[in-house]
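What follows is calculated from the coordinates using simple rules that are stated; it is not laboratory data. Remember, predicted model here, so these are calculated numbers, not experimental data. Using ideal geometry, Cβ is built from the backbone for each residue, glycine included, and neighbour counts are taken over all protein chains shown.
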Amino acid sequence: MAFSKEPGQSPATLPEKGIPTKPVLFFDVDNCLYPQDSGVQEEAAEGIYNYITSHTGLNREQAAELCVEYSKTYGFLPEGLVRHHSIDAKHYNSTIDEGLPIETLLKPDPKLRQLLQDIDRSKVRLWLFSNADDVYVKRVVRHLEIDDCFEGLSYCDYARVPLLHKPKREKFQEAMKDAGIESIADCYFVDDSYLNCRGAQDFGWTAMHLIQDGLPTPPSQASQHQIKSLEELRVLFPQWFKN
């Protein structure tokens, strides 16, 4: 595994005074580093509905409504389940994530790997930033064969009380600490979540809202940039790519 720093460890080393810092490009994982139509989202939804119905007594329709409501209200479904239904976040997360057949649904994408390898690490650092836990993130990027493309990761600790996750401002602050970067102006972020990108922009980061082909476009942009493919990063930030 290429990751050198993760939450709970010492933050990445800060540069000496007078030495310019390199910007950090933070990548979300789910529905960002693989196609939205991969089937992962549908499998996860099925597991979530089953978990909610078995632990709350609600029916499937009510569970689906809660998923929408809590995701909109908190930007993170488990937050609502913990607050209103006394769900054990760690048990919920391990049940859902461990049950996902990642190895069956996803396959490595040579084009994605090439994109990441074309980024000049002397000009920008790459960091994973997910609301999933570290075990799941590592499992996904290993299977996609891109784990060596990232310097580190920031993830959600489901044992933490209260939960700290995107799009909370404190989570963006924590990600900066994890990555060892002090300047908000040097933080760039790609995510498929409208709320996460809006939160990142409000915090002062430069955010790229990824809306893959076939998905509806929001009436107003979530953040400074709206893209349909990670390949558009080449156009937005040509200075980061090798000649």
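Semi-axis lengths, largest first, of the ellipsoid equivalent to region 38-103 are 18, 13, 12 Å, with √(5λ) applied to each eigenvalue of the Cα gyration tensor.
Working note: Karplus 6.51/-1.76/1.60 with θ = phi - 60° gives region 109-117 the couplings 10, x, 5, 5, 4, 5, 4, 5, 6 Hz, where Gly and Pro are set to x.
Per-residue packing, averaged as other Cβ atoms within 10 Å, sorts the ranges 71-82, 103-114, 25-36, 45-56 into the order 25-36, 71-82, 45-56, 103-114, beginning with the highest. Shown here are the Rg and Dmax of the Cα trace of the chain, at 17.8, 60 Å. Quick check: the angle from helix 194-203's long axis to the longest principal axis of the chain, C-alpha only, nearest 10 degrees? For 194-203 against the chain, the angle is about 50 degrees. Per residue, the convex hull spanned by the Cα atoms of region 137-216 measures out at 124 cubic angstrom.
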